[in-house]
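Data block below; observations after.
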Amino acid sequence: MERTFIMIKPDGVQRRLVGEVIGRFEAKGFTLVGLKLMSVSKELAEEHYDVHKERPFFGSLVEFICSSPVVAMVWEGEGVVASARKLIGATNPLSAEPGTIRGDFGVSVGRNLIHGSDAIETAQREISLWFNDKELSSWNPTVKTWLYE
Ligand code: DAT
Ligand code: MG
């Protein structure tokens, strides 16, 4: 089953949006298989955002991610990687559609509340970067007969 890595960034935690975000993923029908609140080291933040290391905002992005705790999660379900990106919305919250997390709760790109893996291969890389196997639970969601035909 497909999995994706989702992180509620420091602004999302500080603004008390953890329950709201988890509620949206649950209500959609995805399954939570990993969850932890954590302070992020500079090394982990730099590795996570390695693809952006040449961008002008890289330093401030890493500093921001390390500034206050984040909530790291792994969610599971058919098509969850692409669907999570839709639930999250466009990178710039001002351009993000209403009904998306960024569209409903954000006003600036440097405070866009949440990260979601952008492709299946990225998700695999990010999940193994943030979680070890023992921190992930494969469980049988009994609701699935009401979610999938
Ligand atoms: P996304 O998080 O939607 O995948 P991204 O991978 O292009 O977006 O960028 C990673 C994060 O970097 C993004 O969530 C916020 C920050 N960022 C991106 N573009 C930025 C910019 N032009 N100025 C400041 N921060 C930016
Ligand atoms: Mg990205």
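The values are calculated or read from the model by the stated rules, or taken from the named source; none is laboratory data. Note that the structure is predicted; figures quoted are calculated from it, not measured. No Cβ is skipped: glycine too gets one built from the backbone with ideal geometry, and neighbour counts run over all protein chains shown. Surface areas here come from the heavy atoms of the whole protein model, side chains and all, with no ligands, DNA or RNA. Shrake-Rupley method; radii C 1.70, N 1.55, O 1.52, S 1.80 Å.
Of everything in the stretch 64-100 that's within 16 Å of Leu32 (Cβ to Cβ) and more than 11 Å from the chain's Cα centre (by Cα), which residue is surrounded by the fewest Cβ atoms within 10 Å (Cβ to Cβ)?
Among those residues, the one meeting the criterion is Glu78.
Among what's in the stretch 107-143 and is more than 10 Å from ligand 1 (Cβ to nearest atom), assigned to a loop (DSSP other than H, G, I, E, B) and open to solvent by less than 50 Å² (accessible area, probe 1.4 Å), pick the residue that is nearest to Lys9 (Cα to Cα).
Step one: filter the stretch 107-143 for residues more than 10 Å from ligand 1 (Cβ to nearest atom), giving 107, 119-121, 123-143.
Retained after the next criterion (residues that are assigned to a loop (DSSP other than H, G, I, E, B)): 107, 119, 131-132, 136-141.
If we keep only those that are open to solvent by less than 50 Å² (accessible area, probe 1.4 Å) as well, we get 119, 131, 136, 141.
On the way: Ala119: 19, Phe131: 16, Leu136: 20, Pro141: 27 Å.
Out of the qualifying residues, it is Phe131.
Of all residues in the stretch 99-120, count the ones that are away from ligand 2 (no atom under 12 Å from the Cβ) and among the small types (Gly, Ala, Ser).
The number of residues fulfilling the criteria is 5.
Hey, any hits in the stretch 11-23 for a residue that's within 16 Å of ligand 2 (Cβ to nearest atom), of a type outside the set (Asp, Glu), closer than 16 Å to Leu129 by Cα and touching a strand residue (DSSP E or B) at 6+ places or on another chain (Cβ under 9 Å)?
Looking through the stretch 11-23, none of the residues is within 16 Å of ligand 2 (Cβ to nearest atom), of a type outside the set (Asp, Glu), closer than 16 Å to Leu129 by Cα and touching a strand residue (DSSP E or B) at 6+ places or on another chain (Cβ under 9 Å).
Name the residues in the stretch 26-65 that are in contact (Cβ under 8 Å) with a residue 40 or more places away in the chain and aromatic (Phe, Trp, Tyr), would you? Walk me through how you get there before you give the answer.
Here is the first cut: in the stretch 26-65, the ones in contact (Cβ under 8 Å) with a residue 40 or more places away in the chain are 28-34, 36, 44, 47-48, 57, 60-61, 64-65.
Selection gives Phe30, Phe57, Phe64.
Suppose the filter is open to solvent by 60 Å² or more (accessible area, probe 1.4 Å) and in contact with a helix residue (DSSP H, G or I) (Cβ under 6 Å, 6 or more places away or on another chain); does Ser60 pass it?
Working: open to solvent by 60 Å² or more (accessible area, probe 1.4 Å): yes; in contact with a helix residue (DSSP H, G or I) (Cβ under 6 Å, 6 or more places away or on another chain): no.
So Ser60 does not fit the description; no.
Filter the stretch 68-106 for residues that are of a type in the set (Val, Ile, Thr) and in a helix (DSSP H, G or I) and give the result.
Here is the first cut: in the stretch 68-106, the ones of a type in the set (Val, Ile, Thr) are 70-71, 74, 80-81, 88, 91, 100-101.
Selection gives Val80, Val81, Ile88, Ile101.
Output the number of residues of the stretch 13-57 satisfying the condition of being over 17 Å from Arg125 (Cα atoms), outside any helix (DSSP H, G or I) and open to solvent by 100 Å² or more (accessible area, probe 1.4 Å).
6
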